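Comments concern the structure below.
The values are calculated or read from the model by the stated rules, or taken from the named source; none is laboratory data. Note that this is a predicted model, so its numbers are computed, not measured. No Cβ is skipped: glycine too gets one built from the backbone with ideal geometry, and neighbour counts run over all protein chains shown.
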Amino acid sequence: MHILLVDDDERFTTATCEIIRHLGHEAQVEDSVEGALSCLEKSAEAGRTVDVLLLDVMLPDGNGFEILQRLPQSLTPKKIAFITGHESIISLVRKVAGPDAQYLIKPIGLEDLKSVLTHRKQDKQHSGLPGLERHFGVLIGEDPQMQAIYDQIEKVARTGANVLIQGESGTGKELVAQAIHNASTYEGPFVAANCGAISPELLGSELFGHEKGAFTGAVSRKEGYFEQADNGTLFLDEITEMPIDMQPSLLRVLETSQVTRLGSTQAQQVSCRVVSATNRTQQQLMEENCLREDIYFRLAIFPIQLPPLRERPSDIPLLARYFIHQFNDEHDTQFQLTDSQLQRLKDYSWPGNVREMRHLLYRAFIMSDRSTTDITLPETLESPFAKESANKSSLEAGVTIQEVERELISVTLKKVEGDKRRAADMLGISLKTLYNRLNEYQKEQLA
Amino acid sequence: MSDELSGLRHKLRNSLNNISMNAELVKLLSESSNSPAEVHSAIDRILSECRETAEYMDTLSNDNKSHRDS
């Protein structure tokens, strides 16, 4: 690739050019608006068009945006990344250079530079919080289970394989789909459709499109999701909600890569990766007969299992801090979570997963006093789903009364953050009995 | 924030950026090449950037002092 770096800081350009060359690309440097414009023109004349333009916002004779404004469309490189010292400039960059413009925030690291130079739309990104990274531009979490998923995303993104993401509600299946798209070399868009939210009568026309007059109300021709996602990624959420009698039509598109709009006789060639998602477990998929076997194997060429939040508790503080940071950014506030609040969040089971946590923190954010930096969490963290899952786990045939008692004591103590007096009150036993039980458990553990 | 302070912030960020990129270069060179001269000049750039950063910091503390004294 031919890369033009426009920056007037020689120490930066020298090192960056050497790195670019080291990565196997050709690098050229200009230090001014005029220099950059003439270099782009000369390169085009010589038939060596610039593929990537790395552009400092502030230049001695003007600013980086000026180059884009003065440059004819034919000479504008395919990829442009602005080098800036502050995230606040990003919205300006997007306004001037379009939503696809990329940016490098100083201090720049090798990974940032690589992600701009390679085809990846976004790789790791600063989240705006030190020590926190958004993997593939969208995913947060450093738990080993998530690291394994990043590895899977990285590998599958290089192929054109269809992916089925399985995970509980609220675990971030759409973000994983977006991450796969971001990590891929597809130039087309990411199109998301929720099969459960579209009425079964409309699903066909939404997915495959329709011709004018195909049915009553079809007043004009419409492209379906498959066509919209051409050369990109189509995300089909809640795939198991698709009526079983419609699934053969989907199967046909997946097998032939051709889609026929309703009311048309001509098939269109489409090329997109289909990432589908369901919150049903493998067992449910088998038992409930909601997905035809043939379509399952077409969709789940590469299955990804997303862990529930309670299985990656180390990510809870990261996500919580990130959400609060987002709210602070949006509302110009300075809220912070204390260590004990983070611990409380960690101790909760989050049956609604990351979505539940984001909503809870948003509610807490709304309720908190903006003149302070303290965020007020609700007295108790619970949801109707939490009770359901707690009941499920503790009351199963074959468990002894002693075991249930022990679990109940442990759950209660967690809920009251170790306050034994309150726990004893809630359990309806004396404090002495509670101590006796805890001593017994300790002895058992030591034995 | 005063213009001076925001100018200083800009300078410090640029210095950190140069340190970061030159350090990345040293890392790359040390992994794959045997060109000590290139490594040396990258390290030299890091060192002079560090010296400049220290000077900026001095300006900051002198400014603060003169503000307090006045």
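Points worth noting:
- Out of A:ALA364, A:ALA390, sole residue that is modelled with pLDDT under 85 and of a type in the set (A, V, I, L, M): A:ALA390
- Matching option when the condition is outside any loop (DSSP other than H, G, I, E, B), crowded, with 16+ Cβ neighbours inside 10 Å and within 11 Å of another protein chain (Cβ to nearest Cβ), among B:LEU12, B:LEU8: B:LEU12
- Qualifying residue in the range A:59-67 (condition: away from chain B (no Cβ under 12 Å), farther than 15 Å from A:LEU117 by Cβ, in contact with a strand residue (DSSP E or B) (Cβ under 6 Å, 6 or more places away or on another chain) and not in a helix (DSSP H, G or I)): no
- Exclusive hit being closer than 18 Å to A:ASN279 by Cβ and not in a helix (DSSP H, G or I), set A:GLY141, A:GLY170, A:GLY188, A:GLY137: A:GLY170
- Subset tally (residues that are more than 14 Å from chain B (Cβ to nearest Cβ) and either in contact with a His (Cβ under 7 Å, 6 or more places away or on another chain) or at pLDDT below 90 (or both)) for the range A:1-39: 4
- For the criterion of being more than 12 Å from chain A (Cβ to nearest Cβ), among the hydrophobic types (A, V, I, L, M, F, W, C) and either under 17 Å from A:PRO107 (Cβ atoms) or without any contact (Cβ under 8 Å) to a residue 60 or more places away in the chain (or both), B:LEU60 passes.
- On inspection, A:LEU337 fails the criterion of being within 28 Å of A:ALA193 (Cβ to Cβ) and either surrounded by 19 or more Cβ atoms within 10 Å (Cβ to Cβ) or touching a residue at least 12 places away in the same chain (Cβ under 8 Å) (or both).
- Matching residues in the range B:37-56 - criterion: being over 20 Å from A:THR13 (Cα atoms) and either within 11 Å of another protein chain (Cβ to nearest Cβ) or not small (Gly, Ala, Ser) (or both): B:GLU55, B:TYR56
- If the condition is being in contact with a helix residue (DSSP H, G or I) (Cβ under 8 Å, 6 or more places away or on another chain), under 18 Å from A:TYR322 (Cα atoms) and of a type in the set (A, V, I, L, M, F, W, C), then the range A:130-178 contributes A:LEU132, A:PHE136, A:VAL138, A:LEU139, A:ILE140, A:MET146, A:VAL176.
- Members of the range A:2-28 found to be in contact with a helix residue (DSSP H, G or I) (Cβ under 7 Å, 6 or more places away or on another chain), of a type in the set (Asp, Glu) and within 13 Å of A:LEU55 (Cα to Cα), listed by number: A:ASP7, A:ASP9
- Extreme residue, nearest to B:CYS50 (Cα to Cα), among residues of the range B:1-17 that are at pLDDT 80 or above and among the polar types (S, T, N, Q): B:SER15
- Test: residue in the range A:263-281 that is at pLDDT below 90 and not in a loop (DSSP other than H, G, I, E, B): yes
- Residues that are within 17 Å of A:THR233 (Cβ to Cβ) and assigned to a helix (DSSP H, G or I), drawn from the range A:151-167: A:GLN152, A:ILE153, A:GLU154, A:LYS155, A:VAL156, A:ALA157
- Test: residue in the range A:206-227 that is in a loop (DSSP other than H, G, I, E, B), on the phi > 0 side of the Ramachandran plot and free of Cβ contacts under 8 Å to residues at least 40 places away in the same chain: yes
- Scanning the range A:309-355 for residues that are charged (D, E, K, R) and within 18 Å of A:VAL411 (Cβ to Cβ) returns A:ARG310, A:GLU311, A:ARG344, A:LYS346, A:ASP347.
- Any hit, the range A:322-341, residues being modelled with pLDDT under 90 and among the hydrophobic types (A, V, I, L, M, F, W, C): yes
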